[in-house]
Structure formats: C-alpha cells, structure tokens
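Since every read-out is calculated from the coordinates, none of them should be taken as a lab result. All values derive from a computational prediction rather than experimental measurement. Here Cβ is always computed from backbone atoms with ideal geometry, including for glycine, and neighbour counts include all displayed protein chains.
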C-alpha cells in the first residue's frame, strides 16, 4: 500500500510539471491545484466515446485554449506529448494520396474533424522504421479484409510514413490565437503511443481556414513520404514531391 501511495504521489508530481516547451508558449501559471482541475476536465478528451466525426468539436468545446496539452488526457499513455517528440502518420493509397502517389490535402483534413492519428516514437526514427512499416502493412491488410463495422476495401495499400516534430506541428499559426494546432496523448488500450493532432479553425475567416489547412499540409509535404524499400534493397527511402500549387 505504501509503495502504491508513493507511486501515486510521483505520478501526481509528474503531471504537475509543465511539458518542456509548452510552458513558454502558454505562460499561464500552473499550480498543482489548477493542474488537478484542468486534468479532470481534460480526461473527457481521452475518454470520448461519441461519433468519430464529432471528436474535434468535442475537444474544442472542452479545451478552447490548448491547456489540456499540458496534462495527460488518458491514464494509460506515457504522458503528455512533449515538444521534442517525433510523431509519425501513416500514408495509404488511394486514401490521402493523388493518382501519382503523392500526398494530397486529405492527409491533414482529419485534424479538423476526426483528429489526425499519429504514433509517438519511443526510439530514434531510423531505428523505428522496420516496425513502423510492418505496422502500416498490417493496417492496410486489415482494411482490405474489412470488418463487421466496415466493408472491405481491396485497393487499400500502404505507402509509407510522414514524420513531424511535435513543436513544429504546434507552431502552425495563421493569427494571434494560441494553439491553433494541438497534439494530445489519446492513447488506446491496444496502442499506448497513439496521439491526435487537432486543428482549431473556430472564428477564422474562410481564407484563414484555408491558410491553416495549407500550412499544416506544407509541414507534411516538406517532410516527404518515407517509404519501405523492396525486400533486400536497402534502407527506407524518402520521396520528395512536386511543389504544391
């Protein structure tokens, strides 16, 4: 019991420390009592069970300022997403790509409605590539097979991954409003390092909403697609795309 209590106190202390990089961006003072209150509200993000299409609306209704990035929104993740973390998003075809196999804007549109799923890397990117490619291939195969809730999509193929640094995602801005783009630690029971990119376009004009989408897309486009090489042909390759018009 004493060991459990000590572990609990350590967890509370860890949650009370500001995430490196975020404190400077959000200068509001976080006391332990405030962290506790914020965390209780923020857990409603991690426990969301409603329609997937309403997830971003739900998040923005709870966290208009982006404060919930400071704390863990689930009880099972490694903790809130740090600024220096590498995030990876899978690329599939024909979804999220053009007929030439390049990224299209749908790659980032999920961030404005469903949440754009990402993986939080535990190891260096190059070390993680083999496991990431296996994961991507397995996900594509699952979509091809279908499920009781989803019809088979036999043309779904895995293309590769796009990697970002969390700080670069959070730095995407189009006006003076803080935290237009956020990253939350939305761990799942079978995917503890799952996260979500959420974009806040509330209050923006039509032109600025488009600008926010374009800037987020450019971040992905500049990273390029890291594709798995054919078996035995060497390390993974990064494909640079044509400049988006």
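Data for the structure
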{"quantity": "Which listed residue is free of Cβ contacts under 8 Å to residues at least 12 places away in the same chain and either within 20 Å of residue 91 (Cα to Cα) or in contact with a strand residue (DSSP E or B) (Cβ under 7 Å, 6 or more places away or on another chain) (or both), from 141, 171, 199", "calculated": "141"}
{"quantity": "Helices (runs of 4 or more DSSP H) fully within the range 33-147 counting 3 or more residues that are under 16 Å from the mean Cα position of the chain (by Cα) and farther than 21 Å from residue 165 by Cβ", "calculated": "55-62"}
{"quantity": "Candidates 95, 116 - the one that is touching a helix residue (DSSP H, G or I) at 6+ places or on another chain (Cβ under 6 Å), closer than 18 Å to residue 220 by Cβ and surrounded by 15 or more Cβ atoms within 10 Å (Cβ to Cβ)", "calculated": "116"}
{"quantity": "Search result, residues across the range 67-76 that are in contact with a helix residue (DSSP H, G or I) (Cβ under 8 Å, 6 or more places away or on another chain) and touching a residue at least 60 places away in the same chain (Cβ under 8 Å)", "calculated": "68, 69, 72, 73, 74"}
